Amino acid sequence: MQTFSYVKAASIDKALAGVGSGKFIAGGTTLVDLMKLNVEQPSALVDINTLPLDKVEKLPTGGLRIGALVRNSDLAWNDDVKTSYAVLSQALLSGASPQLRNMATTGGNLLQRTRCAYFREPGAGTPGGYGCNKRTPGTGCAALEGFNRSHAVLGTSDHCIATHPSDMCVAMAALEAVIHVEGPKGKRAIPFADFHKLPGETPHIENALEPGELVTYVELPKPIEGSRSVYLKLRDRASYEFALASAAVVVKMDGGHIRYVRVAMGGVGTKPWRSHEAEAALTGKPAHAATFRAASEAALAGAKTRTDNAFKVELAKRCLTRALKLATS
Ligand code: SF4
């Protein structure tokens, strides 16, 4: 670990003014790990834990405003989240461990970095280390021909196939959240679908944040009246494990037909994966097994597999099929 300066921010303005080329730190459940591995080497840390961003508030629009510092546990057990955004509560409770959820924040969860083992090797991207374009652009990708069982099958490129690790983000993609940020150029709102970036030729650029910008809160739109939602996560063990495949589904029925649906998938994409293809295959259709399977086929139609991760395609199809059955039954 490299040496760094540390300061507690007394206000949002002071945090923005003080961060420079450093990093904001809140729960630290990802950042400190990555600093120990030399993946992150900030020259300065600005502690934002005392900023007034720790509330979950109902909005006049009927939506919900979630402060960036709201802990994952508090958000999962919030009454409004449990009743009106069940998919988000379920996703949060399926992630990490109780201790980590008590520390991890909403803002930090948005910025989780991949669990690709090569990326987390202390020497990756340096001479003599594994090639990793996400660590050091132009050094290659050891996972392409290496151990890639947990890697993505959707949204990959020849430069990076790393899976996005967050459960919370998959639920927020299905809920069409909006991320609010504040930075040197002022405030702006970023639709969830535009926040995380595909790797393309620049896998080191993971999100739409500009230098010095701070996530301040996440806004959830008003819940769809009469809808139900489900998060289903499949993994190697029952707890404290990342998804091999997951599905977040929000559905509103009209008689036996699907009137409104939003679908997002985790464990298979290089970003939280909203599936417009699955939604198109479901909308207006009768809610039965053949419809669900057709939607799952559509969702994974663009999958590109590697040596060890082809099993994820069928696993993800079954995961989405099951989630749709649960949400509509
Ligand atoms: Fe690095 Fe991405 Fe390749 Fe993993 S998959 S080694 S993060 S470039």
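Do you know which of the residues in the stretch 9-24 that are touching a strand residue (DSSP E or B) at 6+ places or on another chain (Cβ under 8 Å) and loosely packed, with under 15 Cβ neighbours inside 10 Å is nearest to residue 51 (Cα to Cα)?
Filtering the stretch 9-24 for residues touching a strand residue (DSSP E or B) at 6+ places or on another chain (Cβ under 8 Å) gives 9, 12, 15-16, 18-24.
Filter again for loosely packed, with under 15 Cβ neighbours inside 10 Å, leaving 20-21.
Details: 20: 18, 21: 20 Å.
It comes out as 20.
Consider the stretch 232-251. How many of its residues are outside any strand (DSSP E or B) and at negative phi? Break it down stepwise before answering.
Step one: filter the stretch 232-251 for residues outside any strand (DSSP E or B), giving 235-244.
Remaining after also requiring at negative phi: 235-239, 241-244.
The total comes to 9.
So, in the stretch 38-48, how many residues would count as being surrounded by 15 or more Cβ atoms within 10 Å (Cβ to Cβ) and either in a loop (DSSP other than H, G, I, E, B) or of a type in the set (Phe, Trp, Tyr) (or both)?
Qualifying residue count for the region: 5.
Give the residue, chosen from 302, 266, that is in contact with a helix residue (DSSP H, G or I) (Cβ under 9 Å, 6 or more places away or on another chain), surrounded by fewer than 21 Cβ atoms within 10 Å (Cβ to Cβ) and under 20 Å from residue 173 (Cα atoms).
Numbers: 266 fails: surrounded by fewer than 21 Cβ atoms within 10 Å (Cβ to Cβ).
None of the other options fit; the residue is 302.
Which of the following residues is over 15 Å from the mean Cα position of the chain (by Cα) and more than 16 Å from the ligand (Cβ to nearest atom): 140, 183?
On the way: 140 fails: more than 16 Å from the ligand (Cβ to nearest atom).
Just a single option satisfies the conditions, and that option is 183.
Condition test on residue 164, is it near the ligand (Cβ under 8 Å from one of its atoms), within 28 Å of residue 89 (Cα to Cα) and either of a type in the set (Gly, Ala, Ser) or surrounded by 17 or more Cβ atoms within 10 Å (Cβ to Cβ) (or both)?
Details: near the ligand (Cβ under 8 Å from one of its atoms): no; within 28 Å of residue 89 (Cα to Cα): yes; either of a type in the set (Gly, Ala, Ser) or surrounded by 17 or more Cβ atoms within 10 Å (Cβ to Cβ) (or both): yes.
When the stated conditions are applied, residue 164 does not pass them.
Please find, among 278, 248, the residue that is touching a residue at least 40 places away in the same chain (Cβ under 8 Å), surrounded by 21 or more Cβ atoms within 10 Å (Cβ to Cβ) and over 18 Å from the mean Cα position of the chain (by Cα).
Within the list 278, 248, the selection yields 278.
Counting only residues that are more than 8 Å from the ligand (Cβ to nearest atom) and over 17 Å from residue 196 (Cβ atoms), which one in the stretch 143-161 is nearest to the chain's Cα centre (by Cα)?
Going through the qualifying residues, I end up with 150.
Rule-based calculations on the coordinates, nothing more; no lab input. These figures come from a predicted structure and were not determined experimentally. Neighbour counts are summed over all protein chains in view; Cβ atoms, including those assigned to glycine, are modelled from backbone coordinates with ideal geometry.
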